[in-house]
Amino acid sequence: MLPVSEAEKIILNLVKPFTSKEDSEILPLLAANNRILAEDLISKWDFPHWNNSAMDGYALRYADIADVSDWQNVQLAIAPYKIPAGMAVNKCLQQGECVRIFTGGMLPHGADTVIMQEDTERLDNFLQLKVKPTQGEYVRHRGEFIKAGTTLVSAGTKLGATEIGALASARCQQVRVYRQPKIAIISTGNELVSLECSQCLQSGQIIDSNLYALSTLITQSGAIAIPFGIVSDDQAEMELVIRKAIASADMIISSGGVSVGDYDYIGEILEKMGANIHVCSVAIKPGKPLTVASLNRSINVNESEDIMLYFGVPGNPVSAMMSFWRFIRGAITKLSGANSNYWYPQFIKAITAKDLHAQGRRETYLWGQLTYYNGNPIFQPINNYSSGNLMSTISTNAIAVMRVNQTYVPLGDEVMIMIV
Ligand code: AMP
Ligand code: MG
């Protein structure tokens, strides 16, 4: 049984991320939301483009008041023009002069400081200051945010509102992003029936819910889920489907058949197919029998570089999702070309609202809800944990993690929480 952190390390090391141009595409900027940038984007412009005002107020020459002890009595002549945002300014502020300026307005030559309107008093065409400004105050200087020729957004960044806004202001109408990885999903088990099947369930049969839960998780991870259907517990049939998936996907996830039961043969098939099995059991609860293998995609076995990852997750619905949350999401994210900031689950500390118990032999993941009370994160566990109880996961947004050998966390104590 591998420790969780060890399994995570092995899995991430196995992932060969997209790096080449062939694995990228050009998209209109708005369509690139949630996608991974495939090349550094260099700004062609200084930001701001020119010195401008950060306030509604008056632009002045600091030298006019710098050495004046009774600056309260200084009266600056208000120039006979105003500078709203959007006005091209080619004027020069004269000695002893100030000018009405608005947020975003270009500073005239000679002006180096802005005083906000609230700190001034206007007497006809003269301005008196109620506060002595500091030099350069409320001026956004040209190139202060970013200089032309520097990287605005680097390759491997996941694009969201902040990046897309910044790229728009840098006039990028389209961007090169990595393609979305294709993830094959195979559901195994004689008991499974497709949701699309219109016949009544016979006794012993259940709906293949893992396909739906895993597809949703895959889509949320920015990848494309490709269903390869339900495969009965039959080795030859399973091998056939795996071979089909190898030919058209970037990664395979199968659920079921990885435990120690008589019908759990995924490991055996993978070995027979020449796969390298890197993980076959992890010290995690639920999700212990997670199987991770690498398969050679190329027909020529010596081309060892062209490998794809196979995740065999347990069939129990909560175990399947847990394997995804803890290990597979990061692997897909790395495969997508995202930089390492995005590979790991997010953990925070929260106070548990009930006692938490674990056996302590494996790292134990207890699902529930993260809420806030007076701004403090509070974890609400459920009452009864069973990895077969999919219904108990409804509204889960966080999972308490109890370390190996940690068997009890009393109500009110702090616990590590994985955000999902
Ligand atoms: P297994 O890992 O194949 O031993 O399956 C463990 C449990 O998960 C069994 O109760 C299965 O019926 C159930 N299970 C397996 N695959 C699925 C699936 N695709 N959807 C829902 N439940 C499943
Ligand atoms: Mg099964």
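For segment 1-150, what proportion of DSSP beta bridges, expressed in % and rounded to the nearest 5, is antiparallel? Intermediate values should be presented prior to the final figure.
Details: 18 of 23 bridges.
Of those bridges, close to 80 percent are antiparallel.
Could you work out how far the C-alpha centroid of segment 31-67 sits from that of segment 136-160, in angstrom?
8
Where in segment 180-223 does the label zone of Met391 land, with the point 7 angstrom along Cα→C-beta and an amide N cut-off under 16 Å?
Flagged as within label range: 206-207, 209.
Give, in nm to one decimal, the length gained when the segment between Ser20 and Lys182 is fully stretched (0.36 nm per residue of separation minus the Cα-Cα distance).
Values: separation 162, 0.36 × 162 = 58.32 nm, distance 1.63 nm.
Stretched fully, the Ser20-Lys182 segment lengthens by 56.7 nm.
Putting +1 on Lys and Arg Cβ atoms and -1 on Asp and Glu Cβ atoms, find which of Tyr58, Cys172, Ser154 reaches farthest to the positive end of the dipole of the chain.
Going by the Cα projections, it comes out as Tyr58.
Using only the alpha-carbon atoms, how far is helix 4-14 inclined from the longest principal axis of the chain? Give it as 0 to 90 degrees, nearest 10.
Once rounded, one gets 80 degrees.
Highest first, please rank the peptides 67-78, 336-347 by the mean number of other Cβ atoms sitting within 10 Å of their residues. Write out the running numbers ahead of the final one.
Numbers: 67-78: 12.7, 336-347: 16.6.
In decreasing order of mean packing, 67-78, 336-347 become 336-347, 67-78.
Just the number please: accessible area per residue for the chain, 1.4 Å probe, all protein chains included, in Å².
50
If packing is taken as the average number of other Cβ atoms within 10 Å across a peptide's residues, how do 160-167, 117-124 rank, most packed first? Please list the in-between numbers first.
On the way: 160-167: 14.6, 117-124: 11.9.
Top of the packing list down: 160-167, 117-124.
Hey, what angle do you get for helix 235-248 against the long axis of the chain, alpha-carbon based, 0 to 90 degrees rounded to 10?
That helix lies at roughly 20 degrees to the long axis.
Which percent of the accessible heavy-atom area of the chain goes to carbon and sulfur, probe 1.4 angstrom? Write down the numbers at each step before the final one.
Numbers: 10490 of 21180 Å².
Carbon and sulfur: 50 percent of the exposed surface of the chain.
Angle check, please: helix 209-220 long axis (alpha carbons) against the longest principal axis of the chain (alpha carbons), in degrees 0 to 90, nearest 10.
30
Among Ser69, Ser5, His49, pick out the residue whose Cα is farthest towards the positive end of the charge dipole of segment 1-147, where Lys and Arg carry +1 and Asp and Glu carry -1 on C-beta, about the Cα centre.
Among Ser69, Ser5, His49, the one farthest towards the positive end of the dipole of segment 1-147 is His49.
Given a Förster distance of 41 angstrom, what is the FRET efficiency for Arg403 paired with Glu305, based on the Cβ-Cβ distance and rounded to 0.05?
Numbers: r = 37 Å, r/R0 = 0.91.
Calculated transfer efficiency: 0.65.
Where does the charge balance sit around Gly412 when Lys and Arg score +1, Asp and Glu -1, over other residues with C-beta under 15 Å from its C-beta? Numbers along the way, then the final one.
Numbers: positive: Lys349, Lys354; negative: Asp355, Asp413, Glu414.
Around Gly412, the charge tally is -1.
Taking the Cα centre of the chain as origin and charging only Cβ (+1 Lys, Arg; -1 Asp, Glu), how large is the dipole, in debye to the nearest 20?
400
Which percent, to the nearest 5, of DSSP beta bridges fully inside the chain are antiparallel? Walk me through the numbers on the way to the answer.
Details: 59 of 87 bridges.
Around 70 percent of the beta bridges assigned by DSSP in the chain are antiparallel ones.
Projected onto the charge dipole of the chain (+1 at Lys/Arg Cβ, -1 at Asp/Glu Cβ, origin at the Cα centre), which of Gly189, Gly315, Gly104 gives the Cα projection farthest towards the positive end?
Of the listed residues, the answer is Gly104.
What is the distance in Å between the Cα centres of segment 271-300 and segment 208-257?
When both Cα centres are located, 14 Å separates them.
Report, in debye and to the nearest 20, how large the dipole of segment 159-270 comes out about its Cα centre when Lys and Arg carry +1 and Asp and Glu carry -1 on their Cβ. Kindly include the intermediate steps, with their values, before the conclusion.
On the way: 6 positive and 12 negative charges, 195 e Å.
Computed charge dipole of segment 159-270: roughly 940 debye.
The values are calculated or read from the model by the stated rules, or taken from the named source; none is laboratory data. What you see is a predicted model; the values in this text were computed from it and never measured. Please note: Cβ atoms are built from the backbone with ideal geometry, for glycine as well, and neighbour counts cover all protein chains shown. Each accessible area value is taken on the protein alone, full model and side chains, heavy atoms only, with ligands, DNA and RNA left out. Shrake-Rupley method; radii C 1.70, N 1.55, O 1.52, S 1.80 Å.
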